[in-house]
Each structure stands twice: as C-alpha cells, then as structure tokens.
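S.K.: Quick one: the structure is below, and I'll ask about it shortly.
The values are calculated or read from the model by the stated rules, or taken from the named source; none is laboratory data. Quantities reported herein were computed from a predicted structural model and do not represent experimental measurements. Heads up, the Cβs are rebuilt from the backbone with ideal geometry, glycines too, and the neighbour counts pull from every protein chain shown.
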Amino acid sequence: MMDYQEKIDIMIQNIEKLIVGKREAIKHTLITLLAGGHLLLEDVPGVGKTTLAKALAQTIDCGFTRIQFTPDTLPGDVTGLSIYNMQTGKFEYSKGAIMNNIILADEINRTSPKTQASLLEAMEEKQVTVDGVTYPLSKPFMVIATQNPVDYLGTYNLPEAQLDRFMMKISIGYPEISDEQVMADRFINKQYNSQLEAVVSKEDVMIMQEEVEEVKVHQDLINYITKLVQQTRKDNNITLGASPRATLALIRAAQARAYVEGRKYCIPDDIIGLVVPVLAHRIILSPEARLGQSKVDRILKDIIVKIPVPIFK
C-alpha cells in the first residue's frame, strides 16, 4: 500500500500543475475515482471544471472522451447505435462516446431528459444496452459531469434518479488571490501547458480500487453512517432524504478517503468530512425550509452535531 500511497501524492502534484490551490477538490476527485464512483462538478464558468477532468485522465493514462451536451444531443450519441452493414447484411454496433475510461459530460443539464437518462445504466451497471445487446464498459470507468448553477436559460434540471448516481457533488470555487497570481504568471511566462504526462497506469488505478475495498470499516462506524442517513429521512426540513445507495456511497467514499490519507482503516473524520459532498445533492428541502432560505449544507451539519460520534479507545 505504501508504494501506491506515494503514487497518490504524485498524482495530486501532477494535477496541481494545472489546477492551482485546489487540493481539496483534487482529493475529492481522486477519492471518487478510487471508490469507483462518479463526480458532479457544479460551478460558475471558467474555474477549471473541464481542465480538472482532462488533467485526471492524462495523469492516469486513461482514455478520455468529452461529450458537449446540447439540446439536440441524442441518446445514440452517448451509448452508440446499431448501423446496417450492406456488405454483410447485418446490423453492427457503432460505439458511442461512453465507450472510454474517463467521460466528461460537459454541461449535462443542457441536454434533454431522454439523453440524460441514457447515462443511467452506464453509471450504475458499467454497461450499455443497445437493441437488446449489452456491451461492457472499459475499466476503470468514471463520469465527471459539469453544470453551471447560474445560467438557467435552456437547461433541464437533473432528476433525482440521475443525481443519486453521482457519488459526490463538489464545487471548485474561485482561486485565492495568491493562486490566481501564480496562474497569471505562468500564463504570461508561457509556462502553462495543458498536456500532462501520465504518472500512473490504468492497471495501477484498478489495483488501488481493489485495495480501497479492503480498507477496514468498524461496525460502529457503519452504524454511525446509517444513523446519519436515517436522520435525513426524519428531519422536518427535508422532504426527500438520502437513499440506501447514499449509505453505500458514503461507506465506500470513507474507505477511499482513508486510503488516500495512507490508512488501512476508517476513522470518524473520514465520514464527517464527506457527509456534505456525498449527501447534499441527494436531498430535497421542504417548502418551509426553502422559504426560510435554509441551506442543505447547514442542515446536514446540524444532523452531524445531533448524532453521537463513535469513540474508539
């Protein structure tokens, strides 16, 4: 594991060549990858959402496909379709954009619900079915979707079933002034290079994903996670609480966080630090809470305070 811990540090440093001053966002991205999940990046334009996805794919030497979603993007563009071959007299499968390792679903909320739904099977079951034939996806496989929270013209809100398939939802945010100055200096001095060298192989990533599954989670921590999720279903401020899929996602994400931090076991901080990015996008506030301008993040933090944290001696 120590050998791979060093590789994780190298991966972070490599991505930081393009994404300056956003180590937490980079770590959350790697945690999602190693946990076998998918990531939703919601942020204003120009803060590096697309750059982060490209940097990850280049860092792990994996195939990368960018799908620029528009209102006229069709499901077949994503999953592929069967095309009749006149020479053979048979229908042949033509691969869609989903057939790669890292998929950037750029501005996913700009396409129709029908096209959004074409991602559901791929994200959950790592396969696509076209004309009754099922095709497995490449490994490792990860969808990184982006959306703009301030531009609502011509957009379609992601349905709950789609949101629930994203392990985490994070924002990169604007850089600090010192970090933005570093970016500007690199730009002026022509030190900015959009191409990164791969520092790990896709085989390394798959081994790390397997090792994440072996990270120990004490039964008390599992009970703690289930109590947190259950409380989201009981809170008066919440109409729709987190799903059982969210429970499993939080467990696996906590294992991946422990792994990234160099541990073979989870601690309460692994869970507490991931409650908001893993659960917030799966929750719908009550009308009263929305009228009172309550924030999901704040409500989740209140829930964390209510549930006793396991103490290990």
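S.K.: Kindly provide the set of residues from the range 139-162 that are at pLDDT 90 or above and surrounded by fewer than 16 Cβ atoms within 10 Å (Cβ to Cβ), ordered by number.
M.R.: Result: Lys139, single match.
S.K.: Specify the residue that is farthest from Ile60 (Cα to Cα); the eligible residues are those in the range 77-93 that are surrounded by 13 or more Cβ atoms within 10 Å (Cβ to Cβ) and of a type in the set (Ser, Thr, Tyr).
M.R.: Checking each candidate, the answer is Ser82.
S.K.: Same structure, new question: Provide a single number: the residues in the range 66-75 that are surrounded by fewer than 16 Cβ atoms within 10 Å (Cβ to Cβ) and within 16 Å of Ser94 (Cα to Cα).
M.R.: So the count comes out to 1.
S.K.: Of everything in the range 281-296 that's of a type outside the set (Lys, Arg) and buried (at least 18 other Cβ atoms within 10 Å of the Cβ), which residue is nearest to the chain's Cα centre (by Cα)?
M.R.: His281
S.K.: Could you list all residues from the range 261-278 that are assigned to a helix (DSSP H, G or I) and out of contact with any Leu (no Cβ under 6 Å at 6 or more places or on another chain)?
M.R.: Pro268, Asp269, Asp270, Ile271, Ile272, Pro277 - these are the residues of the range 261-278 that are assigned to a helix (DSSP H, G or I) and out of contact with any Leu (no Cβ under 6 Å at 6 or more places or on another chain).
S.K.: Determine whether the range 140-159 contains at least one residue that is assigned by TED's automatic domain parsing to the domain that holds Leu18, farther than 23 Å from Gly46 by Cα and out of contact with any helix residue (DSSP H, G or I) (no Cβ under 6 Å at 6 or more places or on another chain).
M.R.: Checking the range 140-159: at least one residue is assigned by TED's automatic domain parsing to the domain that holds Leu18, farther than 23 Å from Gly46 by Cα and out of contact with any helix residue (DSSP H, G or I) (no Cβ under 6 Å at 6 or more places or on another chain).
S.K.: Taking only pairs six or more apart or across chains, which ones have beta-carbon atoms under 8 Å, a first residue in the range 291-302 that is over 13 Å from His281 (Cα atoms), and a second residue that is outside any helix (DSSP H, G or I) and of a type outside the set (Lys, Arg)?
M.R.: Every condition considered, the pairs that remain are Ser294/Asn237; Ser294/Leu285.
S.K.: Check Ala258, Ala242 and return the single one that is touching a Cys at 6+ places or on another chain (Cβ under 6 Å), buried (at least 20 other Cβ atoms within 10 Å of the Cβ) and among the hydrophobic types (A, V, I, L, M, F, W, C).
M.R.: Among Ala258, Ala242, only Ala258 is touching a Cys at 6+ places or on another chain (Cβ under 6 Å), buried (at least 20 other Cβ atoms within 10 Å of the Cβ) and among the hydrophobic types (A, V, I, L, M, F, W, C).
S.K.: To continue, here is another question. Ser178 versus (1) assigned by TED's automatic domain parsing to the domain that holds Leu39; (2) surrounded by 15 or more Cβ atoms within 10 Å (Cβ to Cβ): which is the lone unmet condition?
M.R.: With respect to (1) assigned by TED's automatic domain parsing to the domain that holds Leu39; (2) surrounded by 15 or more Cβ atoms within 10 Å (Cβ to Cβ), Ser178 is out only on (2).
S.K.: Only one of Lys27, Lys17 is surrounded by fewer than 21 Cβ atoms within 10 Å (Cβ to Cβ), among the basic types (Lys, Arg) and in a helix (DSSP H, G or I); which?
M.R.: Exactly one of Lys27, Lys17 is surrounded by fewer than 21 Cβ atoms within 10 Å (Cβ to Cβ), among the basic types (Lys, Arg) and in a helix (DSSP H, G or I), namely Lys27.
S.K.: Turning to a different aspect of this structure: For the range 71-95, give me the residue count where each residue is closer than 15 Å to Leu119 by Cβ and outside any helix (DSSP H, G or I).
M.R.: Residues meeting the conditions: 3.
S.K.: Please go through the range 166-214 and pick out each residue that is of a type in the set (A, V, I, L, M, F, W, C) and over 23 Å from Glu125 (Cβ atoms).
M.R.: If the condition is that a residue be of a type in the set (A, V, I, L, M, F, W, C) and over 23 Å from Glu125 (Cβ atoms), then Ile170, Ile172, Ile177, Val182, Met183, Ala184, Phe187, Ile188, Leu196, Ala198, Val199, Val200 are the ones that fit.
S.K.: Which residues, counting only those in the range 37-48, are more than 9 Å from the chain's Cα centre (by Cα) and at pLDDT 90 or above?
M.R.: Residue satisfying the conditions is Glu42 alone.
S.K.: Of everything in the range 251-268, what is of a type in the set (D, E, K, R) and within 20 Å of the chain's Cα centre (by Cα)? Give them in sequence order.
M.R.: Those that are of a type in the set (D, E, K, R) and within 20 Å of the chain's Cα centre (by Cα): Arg252, Arg257, Glu261.
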